[in-house]
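Structure record follows, encoded as structure tokens.
The values are calculated or read from the model by the stated rules, or taken from the named source; none is laboratory data. These figures come from a predicted structure and were not determined experimentally. Note that we place each Cβ from the backbone using ideal geometry, even for glycine, and neighbour counts take in every protein chain shown.
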Amino acid sequence: MYSKGFRSLALATVVTLATALTLVFFYAPLDADQGFIQKIFYVHVPMAIVALGGFVAGGVMAIRHLRSGDPSWDVRSYVAIHLSIILGVGVLATGAIWAKASWGHWWVWDEPVLVSFLVVFLLYCVYYPLRFSIEDPGRQARYSSVFAIAAGAFVPLNFIAVRLAEAYTHPRVLSQTGGSLPGEMRLTFLVSLLAMTLLFVTLWKLELTAKHAAMQLRRLKRRLAEREVVTT
Amino acid sequence: MPALPLDEAGKYVAGAYVVFLTLIVVYVAIIGAKIARIDRELTELVEDDE
């Protein structure tokens with residue numbers, strides 16, 4: 001069901017990831033201000049963008065679940081949010097490493113982009129206890145979808161609020177007018193973003209395939225158990 | 001802060017990429033273990049049915 005086209009997608013992901021890494025370390029020039037440490041940008045920022053996109057996508061899938069009543073959309077939404085939380089851990093860890101190297105501190109509380117990402121991450125950490133505290137599968141799916149929609153709407157609102165905030169201390173390399181990235185850096189960043197997006201979709205499909213297979217197995221076991229009861 | 005020298009910056013850059021790689025490898029290993037368990041249980045079911 002979910003494994004259709006998986007092999008070519010996985011292959012495209014590997015090729016794009018390898019290309020991105022090659023561009024990061026052998027093509028993109030060193031940043032005049034930060035030097036070699038700026039290479040963290042190519043893993044940290046795409047990971048953050050894809051994680052936030054995954055949260056929003058989880059909300060959109062939750063809308064489809066509530067509209068159609070099809071539980072497969074709830075599973076899709078759950079896996080998207082689950083993967084985004086894993087990437088979120090990576091964003092916070094790589095961000096802390098970058099902060100330590102650039103500013104001399106692992107974390108700074110007066111930096112709105114950092115803190116707002118932490119707020120979004122902690123909000124989504126509530127998703128697990130909410131989801132798994134409900135035993136009835138139908139209610140679990142419905143409540144989780146409502147949460148995913150509300151939290152998914154909060155993600156862009158949160159970052160719009162940050163953009164409107166007065167204190168701009170985070171390096172602003174991307175903007176509507178094109179930002180301050182030179183051509184080679186921009187190409188490297190876009191390839192890295194594409195690689196991260198493909199990685200997300202590949203892992204999303206992988207987990208969905210595993211979940212679908214586990215559900216099919218449970219169904220098969222139930223049928224076999226029922227058949228045994230009938231024959232005895 | 002001025003840019004860190006390459007030998008010092010290299011540790012941080014390597015750390016960031018290792019974090020990313022570790023996350024992906026651990027995630028794929030967990031999913032791989034799940035798929036292996038499903039395969040094992042399916043094989044057992046088929047053997048029991050025969």
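Determine whether the range A:60-70 contains at least one residue that is at pLDDT below 95 and not in a helix (DSSP H, G or I). There is at least one residue in the range A:60-70 that is at pLDDT below 95 and not in a helix (DSSP H, G or I). Among the candidates A:Tyr78, A:Tyr2, the residue that is away from every other protein chain (no Cβ under 11 Å) and buried (at least 23 other Cβ atoms within 10 Å of the Cβ) is uniquely A:Tyr78. One residue alone among A:Ser84, A:Ser144, A:Ser68 is of a type in the set (S, T, N, Q) and within 30 Å of B:Ala14 (Cα to Cα), and that residue is A:Ser84. Within the range A:19-45, the set of residues being more than 8 Å from chain B (Cβ to nearest Cβ) and part of a helix (DSSP H, G or I) comprises A:Thr19, A:Ala20, A:Leu21, A:Thr22, A:Leu23, A:Val24, A:Phe25, A:Phe26, A:Gln38, A:Phe41, A:Tyr42, A:Val45. Of the residues B:Gly10, B:Gly15, the single one that is within 26 Å of A:Lys39 (Cβ to Cβ) and at pLDDT below 90 is B:Gly10. Of all the listed residues (A:Ala210, A:Ala151), the sole one being assigned by TED's automatic domain parsing to the domain that holds A:Asp70, assigned to a helix (DSSP H, G or I) and either at pLDDT 90 or above or surrounded by 18 or more Cβ atoms within 10 Å (Cβ to Cβ) (or both) is A:Ala151. Among the residues making up the range A:109-125, a single one is free of Cβ contacts under 8 Å to residues at least 24 places away in the same chain and touching a helix residue (DSSP H, G or I) at 6+ places or on another chain (Cβ under 8 Å): A:Trp109.
Only one entry of A:Glu166, A:Glu135 meets the criterion of being assigned by TED's automatic domain parsing to the domain that holds A:Gly95, modelled with pLDDT of 80 or more, charged (D, E, K, R) and not in a helix (DSSP H, G or I), and that entry is A:Glu135. Within the range A:94-121, the set of residues being of a type in the set (Ser, Thr, Tyr) and within 14 Å of another protein chain (Cβ to nearest Cβ) comprises A:Thr94, A:Ser102. Could you go through the range A:51-61 and let me know if any residue there is among the β-branched types (Val, Ile, Thr) and within 13 Å of chain B (Cβ to nearest Cβ). No, every residue in the range A:51-61 fails to be among the β-branched types (Val, Ile, Thr) and within 13 Å of chain B (Cβ to nearest Cβ).
Is it the case, given these coordinates, that A:Phe36 is more than 30 Å from B:Lys11 (Cα to Cα), of a type outside the set (Gly, Ala, Ser) and buried (at least 18 other Cβ atoms within 10 Å of the Cβ)? In short, no. Annotation: A:Leu17 fulfils all but one of (1) free of Cβ contacts under 8 Å to residues at least 60 places away in the same chain; (2) buried (at least 17 other Cβ atoms within 10 Å of the Cβ); the unmet one is (1). Close Cβ contacts (under 9 Å, 6 or more residues apart or on different chains) running from residues in the range B:20-38 that are on the phi < 0 side of the Ramachandran plot to residues that are of a type in the set (Ser, Thr, Tyr) comprise B:Phe20/A:Thr94; B:Ile31/A:Thr209; B:Ile35/A:Thr209.
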